[in-house]
Structures are given as C-alpha cells and as structure tokens.
1. Condition first: charged (D, E, K, R) and touching an Asp or Glu at 6+ places or on another chain (Cβ under 9 Å). Now tell me which residues in segment 88-134 satisfy that.
2. If you check Ala259, Ala232, Ala176, Ala171, which single one turns out to be at pLDDT 90 or above and buried (at least 18 other Cβ atoms within 10 Å of the Cβ)?
3. What number of residues in segment 239-252 are closer than 16 Å to Gln177 by Cβ and modelled with pLDDT of 90 or more?
4. Does Gly322 count as assigned by TED's automatic domain parsing to the domain that holds Thr258 and surrounded by fewer than 19 Cβ atoms within 10 Å (Cβ to Cβ)?
5. Note down all Cβ pairs under 8 Å where the first residue falls in segment 35-55 and is farther than 24 Å from Val145 by Cβ, the second is assigned to a loop (DSSP other than H, G, I, E, B) and not basic (Lys, Arg), and they're at least six residues apart or on different chains.
6. Can you tell me which residue in segment 147-156 is modelled with the lowest pLDDT, limited to those that are buried (at least 16 other Cβ atoms within 10 Å of the Cβ) and touching a Lys or Arg at 6+ places or on another chain (Cβ under 8 Å)?
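The values are calculated or read from the model by the stated rules, or taken from the named source; none is laboratory data. All values reported here derive from a predicted model rather than from experimental measurement. Don't worry about glycine lacking a Cβ; one is built from the backbone with ideal geometry, like all the others, and counts go over all protein chains shown.
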Amino acid sequence: MRYVCELGLIVLLGLALSACGGTLAPAATTGEGDLEAKGFVESADGKLRVSGRAPLFVSLKMLTAPPALPAGWELVAPAFDVTAQDRQRRPIQKLAALIKLRFDVPANRPVTVLVHTGNAWEIVPSEIDADGKLVAEVDHLTPYVAAAPVTGKSAPKITPAPKATVVTAPASAGDAQTALQNAIAALKGKQVKVTAATGYTGSLYVPLPDAWQSTLNTISASGTVYYGMYGAVNQAITAQAKSGASVGALTLLAEPKTAMPANATEARSSLTALFPGVPVAALTQARADATAYVFYSASGSTAYSAGYVTANGITLAFAMVGSGAYQPLVPKQ
C-alpha cells in the first residue's frame, strides 16, 4: 500500500501548529539509529518500530501534546514525530522508498494509523500483521499516531438465537474467510485481506447505526452470516440465503472516516473511489443533511445503497447491496 500526503509545512521539533488546532509540544527522543545499517529503529517503549533499508538516520520523538484528534477518535498508543536526516545530516521529509511503521496496539479492537497533514489528521491505509501489530507503509516523515473509534473498545457481541451455535473460524482459513473476501472484493474492486473472520447465527451487535441492526438480525434468521474486519478498522458483513426457497445475498461494508464530506457531490465522488463495484453514479440521492449523505437505487431483484452516516459520533462511509430475498432489507435512507 502506498500513502502520499502533501504537507503544507515542514514539521520541526517544537514548531507551533496554529493552523492545526493544536501545538506540537517539545518532544523527547525515544529512539534513533541508522535505518540502513540495522534495518529498523524502535522507540524505547517498543510502541513503534520503523523498518526499511533507506540510507537515513531516523529519530522517533514522542509528542506530549499532539494536535487534537477528530471527534470520536482516541489514541491507543503514544503519538510520535518521525524525522530523518540523510548522510549529509540534512533533514529529509519526502522519501524515495517506502518505510514501514509498526505500532503495538490493543488486541481485538478496530484501529488504524493516522497522519497529520499540517491541517488535519487523515487515515493511512493499515493492516494487522500476523503478530497482531498495526502496520502501514508511508513515504513521508511527519507526526503519526495509532488511533481507534471511541465506540470500538471491544470485539463485536454475538448473541446466539435459541439452540444456535456461534462458530469462529481462523482468519487464515474457513468459509467465513472465503465468503468475506469474495464479498468485499465485489464492492471494493480488489482483493482485501480479512481478519477476525467469524460465522454466526442469531444477533450481531456492532458499533453501527441502529437502523442497520434489524437488518443484521433478519438475515441471520434465514441464512449463513459472516462478520470480519479489513483494513484494520473497517467492518464487513455478508450473508447467503440458504433457507428453503429463499435465495439471495447481502453485503455491508462500513469504513470509519475522520470527517464528513463537505457536500453531496464530494460524498458521491469519494464513494465512487471507495467502492468501485457499486454503481454510485447511477444511484438516486435519498438523503443529504448534516449527519448523512445516502444514495439508493433498486433494479429488478437487486438494490444498492451507499453513503456517509454518523453513528455514535463516528463518521462512517458505507456500501450495501442486497439481492433476492434480501433486496427489501437494503435501507433507502
């Protein structure tokens, strides 16, 4: 994965970020070293490791007062200003090759890396590795943090129906893994790594809008349902109807964001990029207000819905598609 951000200013130690809504307090160096010689530089507390083979002298500085996070987000590890110098001891900000950030984060919680662009915090595409660490590849040196939606403090609660069985499959194998990967790929237009894949029957309670809970509970009554995480902080649910004459499928993807789009045009454009497998341009605008932008359309036995909503103080971008028996369950607003 590649993340590129154009910084409006160079962040130096002790520089006030008046335009960022906060101030970078003087930071203490907690780790430094020659990245090329050793292959990594790690903070003294082990919360952040930077790895790569670039000819750089890297310093990790813990920020005591980083710029305020977006509403609904909180730190799950210390904030770090990552800086570097080349062999001539000149400050380097834009890198010629990607380096990897690896944060030590709490288990069983949606988390992601955030970067400060000089104006605001933005999400960096991240993954959970085999050791449970949060990783992201970047080509800019600037303040980075590991953060989570405030509502995502624990694993989703699954309440089985009477005599139902909750089956948890390893993230690396099983029907849950396969079903989720295929469903996500159909909406994202690419293969995406899935973690924490789970199959369930009964009711699934996750930090999503209340209006979606009835949909989740209904589909579990007539089919096999799978839940999982992707991109470290995003949630995916898919169901395949297998009850008597019922046929069809439903998939919901929900991705936390740091801000709501400025208008419906911006929302539609960003949704097209996020979910290329959804015909966003052909959907009809069903809602546009301070807390949501929703686009919906139904054709034949298939319905699509995509948009931005605010749930528990968190902005979520979402896409949902339902066919057959599940077509009427796709929300219209």
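1. Lys94, Lys100, Arg102, Asp104, Lys133
2. Among Ala259, Ala232, Ala176, Ala171, only Ala232 is at pLDDT 90 or above and buried (at least 18 other Cβ atoms within 10 Å of the Cβ).
3. 1
4. Against the criterion (assigned by TED's automatic domain parsing to the domain that holds Thr258 and surrounded by fewer than 19 Cβ atoms within 10 Å (Cβ to Cβ)), Gly322 does not qualify.
5. Glu36/Ala54; Glu36/Pro55; Glu36/Leu56; Arg53/Gly39; Pro55/Asp86
6. Gly152
This table checks each residue for (1) closer than 27 Å to Gly132 by Cα; (2) among the hydroxyl-bearing types (Ser, Thr, Tyr); (3) outside the structural domain of Thr178 (by TED's automatic domain parsing).
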position: Pro279; (1), (2), (3): no, no, no
position: Tyr293; (1), (2), (3): no, yes, no
position: Thr310; (1), (2), (3): no, yes, no
position: Ile314; (1), (2), (3): yes, no, no
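One line per residue, one yes/no per condition, for (1) at pLDDT below 95; (2) under 24 Å from Gly231 (Cβ atoms); (3) hydroxyl-bearing (Ser, Thr, Tyr); (4) surrounded by 18 or more Cβ atoms within 10 Å (Cβ to Cβ):
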site: Asn263; (1), (2), (3), (4): no, no, no, no
site: Ser270; (1), (2), (3), (4): no, yes, yes, no
site: Tyr296; (1), (2), (3), (4): no, no, yes, yes
site: Ala306; (1), (2), (3), (4): no, yes, no, yes
